[in-house]
Amino acid sequence: MLSMRGIGKSFLGVRVLSGIDLDVTAGEVHAVVGENGAGKSTLMKIICGVHAPDEGTIEIDGRPTSFGHPLDAQRSGIAIIYQEFNLLPERTVAENVFLGREPVRRGLVDRTAMEQATERLLDELGEGSFGPREAVKRLSVAQQQVVEIVKALSVNARLVVMDEPSAALAEHEVELLYRLIGRLRERGVAVLYISHRLREVFDLADRVTVLKDGSRVTTHPIGEVTSDELIRLMVGRDLGTYFPPRSSGVGETRLSLRGAGNHKLRGIDLELRSGEIVGVAGLQGSGRSELAKAIFGAEPFTEGEMTPSRPRSVREGVALGIGLVTEDRKAEGLALHQSVRDNALLVARAVGGKDRDGVHDLLERVRLSPPRQDQEVGYLSGGNQQKVVLARWMTMAPRVLLFDEPTRGVDVGAKAAIHDLMRELANDGMAIMMISSELPELIGMSDRIVVLRDGRIAGTLPAGPSEEAIMRLAAAEVVS
Amino acid sequence: MNGIPVAARLREPTQVVFLALLGLIALGWVLVALDGGQFLTMESVVGIQQRSAALGIVAVGQTLAILAGSLDLSVAYLISLTSLVAAEIMAGQDGNIVPAVAAVLALSALVGLVNGLVITRLRVHAFIATLGVALIIRGILDHLYDGPAGKVPESFQVLGYSRIGPVPVSALLWAGVAVVAWFLLSRTRLGYRIYAVGGNEEVARLSGIRTGRIVVLTHVLCSVCAGVAGLLLASRLGAGAPTVGTDGGYDLESIAAVVLGGTALAGGKGGVAGTVGGVLLLAVLDTIFNQLEVNSFVKDVVRGVVIVIAVAVYARRTKGRSA
Amino acid sequence: MKRALPILAVLVVLLAAIAFVNPFFLEPAGFLAFAKRAAPLVILAAGQYFVIVSGEFDLSVGSLVTAEVVIAARLIDGEEPATWPVIALLIVIGLLVGLVNGVVTTKLRVPSFIVTLGMLLVLSGAVFLWSGGAPRGALSEGFRAFGRGGLGPVPWSVLILLAVGAAAIWLMRADFGKTLMVAGDNERAAALSGVRVHRVKIFAFMLSGLAAAVTAILLGGFAGVSAQVGQGLEFSAITAVVLGGVVLGGGRGSVLAAMAGAFTLEALFTLLNLYGISGALEFTVQGVIIIVAVAAGAVRLPWKFTPRKGDAHAAS
């Protein structure tokens, strides 16, 4: 139904896309993969009318089309579900679903019609946990995604574009997403699915298109490629070099918890040791991020013991030599309008650290490319931004460094660099804890994996467990 | 009714402000009684309504602008200007009332249009844009007028002074404006879109809402409300006055009344009902001070403290809910 | 420095235009007279800058200036020996008002627009309550010297301005300024890096209060005691800061540019006077120019646009 030919786009003289051809047929799930910066997001925005292409043609059902506004794309039956949801928390589900297209009767908004239509679509998707009058701010992330999908269905979308839809979801919520996509396919709706997670691509897609450096590399039926081939196509690199070798030796205990807990966590016993990378697994809501924030002092433990001592604030955590690389770089990590240097020196300045000149070496060490200190951080790629955050913590030479989803939204190349760095830091004697919802990353990186469930440690696994072993511990209640 | 528990609904700022209003009336009753007077006499109720009307009308307009994520600092000077335009065109003649009212509405709509376009097209922060427009109007006022001018005919003064039973006509006018605005916000597409634009402009835009147009429209409506307030004040003064808007502090005070009513300064949350409560709260406060014959400067102090405390209370409640 | 260039260019053009009509302006005495006139607003703008760059507003400075002048006149009441103690008191009051603004904004999480609006009402009410409705008393000669006198040919106010300006620039280069900037840009990220966000913001409000106190001392001598002395100054200060290209909302803009913005505003007034635009219409022209200048700032430099949500990919 959608056919794009020779699409090109430049921003401020920088070529972002060139000569893209893409066909999507009705009822197909079409995956688009590529590194960050490969042009996926720009391509999506062109499809959805946010950006206009500089060159090339878009045809819908054989008719040439051009979108000047997202509304035009919507009218042509295209809906997009962004990574960050586009919902108004203060408004109800129905109001959000019909935002911008409220049904009107005799000049007034027809609430009843709106709510009934929403209810019907929720039923069709088998979603009974909330109703059309619920305020969106009271819904969970997964429920909000359902609202987004209902919104797409309510415009009778024939093509739904999903940009990293699983990024915000826990494993069991991803299953709901799979089911929803299945229903869309049954209705003959085409789905354009963008994801970093290759497993999802293989689970869901009928065909896959690989983008690299703004061009289309290839399009294949999913049965004709393997995961390794896809990665090679994306980066020109083999899977074998993906993770650095494991640690040679584990040293002294840097930090230990005995029966530690707070409003989210209970009875946590954990030791972090020099030279070791401890992986933390768990479903969304299991208390993963809360554990990191509690150790760091941002959402402190209120009970139990922590040695050397229990920080009650971020500053106490920092004083203990603990650093935290947060999950959400844009919201919690970086000041986007400030320079690389000012971001990298933030911790040193906040706690009155003295060594300011070493930052140049640190930026080289984290392999920031190019290592320009005066650049505004907002202009950097996700990978480079993460490296700046890492350099920030390295200025204080931490004893313990906590990573929360260190490679989320980071392209494959930078991902490997960050993994190498983490291992390097561990080998230099740092104690590292890494939270990740990507099981291959956890398994490839960790010397030991702690699995959380409902705020408690459900079990600890030695290096190199199977994905099944982790999932069994993480989701025991779901299985039983 | 819509499935939200009563307790949760009581936590909404709108309910809080009306509870506070009841509390304040009770407190006023006690204080005035101890002082040997009688609170809420016919006279004082009428007084409250009279005092509230002009501020109330401006505040309703301001609510629309704030809900859309904007704000309007030009209303005070616009009120002065429209009072003068009205009185000058009327020039004491009954026959001129209609053209005068039409001129005032057209002029204020124009000012709102300018505010809105400067904000949306020239991408100037609403604070600076409306401040700039306020200065422009101020200059024109200072240039053209030294003092009161024009004359409002007797028949038009009905608006300012008459009443139907215990209800002043001006209060009815305010109620009318408030009801129209409430209806607009809760029952029309425009209202839904005002909330959307104020709640998250990007989301609104991606939903196909022409956000600029919505902001411009709220500014037009806000300025028209200021124009109506200008008409009301002209009818009460019998003439137009270049300082009537600024003396009343309608710019900052209307914003204060809106946030006192629980509307978020950032937009997208709140409503007209809260604003009505906020304005009444300020008026009852005034009445209590008047009846107790307290120095009027105390009023300013208490008013400032009350506004800050109210918003602090709302902030606390929002926090409590999200945690 | 780089960020201050556009406003400095505008300022130079305006100064050249003034000099063209009035050659006296080029002489040291003429320029110093201008600087003396501009000093109060420039100092106030520097204070306001700290608050704005941290993502907040301070609407209370105008009424604070009035309050300070009224208090000074009443307490000094023409008595020379009272000068220094009262000046010390004024500074303490300025800092205290800033402290309250900052604490209520950060600890009670009330938007600073509302907090400082409340403070505006409280201050104007309280001061007139205390002084009985109209300013009374008189300033001493020693007090007035700051606004009127000078060290040789150089007015005291210009020297004070230089000191304030240097201190402000130094502060913004120090750790305080850098962390304040980050707090204005991304409060959460700052807090999670160990920045004491509340403390730096409170400090910013105190600096604004301090600037208001200094401004009041200069204006008291320069303009005399009246109930209108600080009227509208909060808006002028915010306008000046924004004219300098500082973004409302925080995290962007330099203090030098903010002060240049205040000079520009003052130069504009001077120019309007020189070109004989009547005192009344001056406001109109001012309003137009402010809108035009800020609009021009918003649309200029298309090659260096601000990345918004979702634009990061496009820019990379």
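The values are calculated or read from the model by the stated rules, or taken from the named source; none is laboratory data. Computed from a prediction, not measured in an experiment: that's the story for all the values here. All Cβ positions, glycine included, derive from the backbone under ideal geometry; neighbour counts span all protein chains shown.
Quick notes on this one:
- Qualifying residue in segment C:38-50 (condition: of a type in the set (Ser, Thr, Tyr), under 19 Å from C:Val241 (Cα atoms) and part of a helix (DSSP H, G or I)): yes
Results for (1) closer than 19 Å to A:Arg453 by Cα; (2) of a type in the set (D, E, K, R); (3) part of a loop (DSSP other than H, G, I, E, B), shown as yes or no for each residue.
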site: A:Asp269; (1), (2), (3): yes, yes, no
site: A:Lys293; (1), (2), (3): yes, yes, no
site: A:Phe301; (1), (2), (3): yes, no, yes
site: A:Met306; (1), (2), (3): no, no, no
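- C:Gly78 falls short on exactly one of the conditions (1) surrounded by fewer than 24 Cβ atoms within 10 Å (Cβ to Cβ); (2) in a helix (DSSP H, G or I), and that condition is (2).
- Scanning segment B:176-210 for residues that are more than 8 Å from every other protein chain (Cβ to nearest Cβ) and surrounded by fewer than 16 Cβ atoms within 10 Å (Cβ to Cβ) yields a total of 4.
- Residue within segment B:119-132 that is surrounded by fewer than 21 Cβ atoms within 10 Å (Cβ to Cβ), at pLDDT 90 or above and more than 7 Å from chain C (Cβ to nearest Cβ) present: yes
- Selection within segment C:107-135 - polar (S, T, N, Q) and either crowded, with 21+ Cβ neighbours inside 10 Å or more than 14 Å from chain B (Cβ to nearest Cβ) (or both): C:Ser112, C:Thr116, C:Ser124
- Restricting attention to segment C:282-294, the residues that are more than 17 Å from B:Ser74 (Cβ to Cβ) and either surrounded by fewer than 22 Cβ atoms within 10 Å (Cβ to Cβ) or at the interface with chain B (Cβ under 7 Å from one of its Cβ atoms) (or both) add up to 1.
- Scope segment A:70-90; condition touching a Gly at 6+ places or on another chain (Cβ under 7 Å) and under 21 Å from A:Leu153 (Cβ atoms); matching residues: A:Pro70, A:Leu71, A:Asp72, A:Ala73, A:Gln74, A:Leu88
- Elements of type helices (runs of 4 or more DSSP H) in segment B:229-323, at least 2 residues being of a type outside the set (Val, Ile, Thr) and away from chain C (no Cβ under 14 Å): B:272-291
- Considering each residue of segment A:218-225 in turn, at least one proves to be touching a helix residue (DSSP H, G or I) at 6+ places or on another chain (Cβ under 7 Å) and modelled with pLDDT of 85 or more.
- All of A:Ser446, A:Ser437, A:Ser466, A:Ser369 fail the test of being out of contact with any Ser or Thr (no Cβ under 7 Å at 6 or more places or on another chain) and within 27 Å of A:Gly353 (Cα to Cα), apart from A:Ser369.
- A:Ala79 meets each of the listed conditions (1) within 11 Å of chain B (Cβ to nearest Cβ); (2) in a loop (DSSP other than H, G, I, E, B); (3) of a type in the set (A, V, I, L, M, F, W, C) apart from (2).
- For segment A:181-193, the count of residues that are under 28 Å from A:Leu452 (Cα atoms) and either charged (D, E, K, R) or not in a strand (DSSP E or B) (or both) is zero.
- If you go through segment A:315-362 and keep only what is in contact with a Lys or Arg (Cβ under 8 Å, 6 or more places away or on another chain), hydrophobic (A, V, I, L, M, F, W, C) and assigned to a helix (DSSP H, G or I), you end up with A:Ala331, A:Val340, A:Ala344, A:Leu346, A:Val347, A:Ala348, A:Ala350, A:Val359.
- If the condition is being over 16 Å from C:Val70 (Cβ atoms) and crowded, with 19+ Cβ neighbours inside 10 Å, then segment C:220-243 contributes C:Glu234, C:Phe235, C:Ser236, C:Ala237, C:Ile238, C:Thr239, C:Ala240, C:Val241, C:Val242, C:Leu243.
- Evaluating B:Leu117 against the criteria (1) free of Cβ contacts under 8 Å to residues at least 40 places away in the same chain; (2) more than 13 Å from B:Val228 (Cα to Cα) leaves one unmet condition, (1).
- Residue list for segment A:50-76, restricted to those being at the interface with another protein chain (Cβ under 8 Å from one of its Cβ atoms), crowded, with 18+ Cβ neighbours inside 10 Å and within 22 Å of A:Gly39 (Cβ to Cβ): A:Val50, A:His51, A:Pro70
- Residue match in segment A:103-115 (condition: surrounded by fewer than 21 Cβ atoms within 10 Å (Cβ to Cβ) and touching a residue at least 24 places away in the same chain (Cβ under 8 Å)): no
- Of all residues in segment A:104-154, those satisfying the criterion of being among the basic types (Lys, Arg) and under 26 Å from A:Glu186 (Cα atoms) are A:Arg120, A:Lys151.
- Exclusive hit being free of Cβ contacts under 8 Å to residues at least 60 places away in the same chain and closer than 25 Å to A:Ser248 by Cα, set A:Ile418, A:Ile435: A:Ile418
- Cβ-Cβ contacts under 8 Å between residues 6 or more apart (or on different chains), taken from a first residue in segment A:312-331 that is facing chain C (nearest Cβ under 7 Å) and surrounded by fewer than 19 Cβ atoms within 10 Å (Cβ to Cβ) to a second residue that is part of a helix (DSSP H, G or I) and among the small types (Gly, Ala, Ser), are listed as A:Arg315/A:Ala350; A:Ala331/C:Ala189.
- Test: A:Ile58 is modelled with pLDDT of 85 or more, outside any helix (DSSP H, G or I), touching a Phe, Trp or Tyr at 6+ places or on another chain (Cβ under 8 Å) and over 15 Å from A:Met162 (Cβ atoms): yes
- If you check B:Ser70, B:Ser155, B:Ser170 for being crowded, with 24+ Cβ neighbours inside 10 Å, among the hydroxyl-bearing types (Ser, Thr, Tyr) and in a helix (DSSP H, G or I), only one passes: B:Ser170.
- Yes/no for A:Leu272 being away from chain C (no Cβ under 14 Å), under 26 Å from C:Arg188 (Cβ atoms) and among the hydrophobic types (A, V, I, L, M, F, W, C): yes
- Test: A:Gly100 is within 9 Å of chain B (Cβ to nearest Cβ) and in a loop (DSSP other than H, G, I, E, B): yes
- Pair list, Cβ < 6 Å and 6+ apart or interchain, from segment A:359-370 residues that are under 19 Å from A:Arg423 (Cβ atoms) to residues that are polar (S, T, N, Q) and not in a loop (DSSP other than H, G, I, E, B): A:Leu368/A:Asn384
- Restricting segment C:156-198 to residues that are surrounded by fewer than 18 Cβ atoms within 10 Å (Cβ to Cβ) and either in contact with a Cys (Cβ under 7 Å, 6 or more places away or on another chain) or within 26 Å of A:Asp404 (Cβ to Cβ) (or both), the residue that is farthest from the other protein chains (Cβ to nearest Cβ): C:His198
- Selection status of A:Pro244, surrounded by 15 or more Cβ atoms within 10 Å (Cβ to Cβ) and either outside the structural domain of A:Leu452 (by TED's automatic domain parsing) or free of Cβ contacts under 8 Å to residues at least 40 places away in the same chain (or both): yes
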